1. What number comes out for accessible area per residue over the chain if the probe is 1.4 Å? Units Å², please.
2. In the chain, what percent of the accessible surface is made up of carbon and sulfur (1.4 Å probe, ligands and nucleic acids excluded)?
3. Pop out the Kirkwood hydrodynamic radius of the chain from its pairwise C-alpha distances, inverse of mean 1/r, in Å to one decimal.
4. Just to confirm my numbers, what's the Cα centroid distance between segment 62-90 and segment 1-56 in Å?
5. With no solvent and one point on each alpha carbon, what is the Debye value of log10 I(q)/I(0) for segment 1-51 at q = 0.18, 0.28 Å⁻¹?
Amino acid sequence: MTADELDPLIHVPTRLRIVATLAALPNGDTLSFTRLQDMIGLTPGNLIIHLRKLEEADYISSQKTRNGTVSITTFALTGHGRTALDAYTQALRDLLGGL
């Protein structure tokens, strides 16, 4: 097992925190951008960059809704994202298993 087998998209600590946070939700549940930002502790601009990369890879999905004049964006882990996290977790376990 080499470090090359770890998914580089998830291996970035901030993205791993985002994916792990969304994976902890029951299937079908979402987190709003502001709640995710509070939980992860990133600036809005930094969080947006990481969310876009994960969404481009189909690891997460987003949905924008309006509540009157307020726009709310929510995020959820996709099935592809959950599979990628499971594979990443297994690769990490395999890598560390030899210690």
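The values are calculated or read from the model by the stated rules, or taken from the named source; none is laboratory data. Here the structure is a predicted model, which means the values were calculated and not measured. For the accessible areas, the whole protein counts, side chains as well, though only heavy atoms, and no ligand, DNA or RNA atoms are used. Shrake-Rupley method; radii C 1.70, N 1.55, O 1.52, S 1.80 Å.
1. Per residue, the chain has an accessible area of 61 Å².
2. The value for the chain is 53 percent carbon and sulfur by accessible area.
3. One over the average 1/r among Cα pairs gives 14.2 Å for the chain.
4. Between the Cα centre of segment 62-90 and that of segment 1-56, the gap is 9 Å.
5. For segment 1-51, the Cα-only Debye profile gives -0.61, -1.11.
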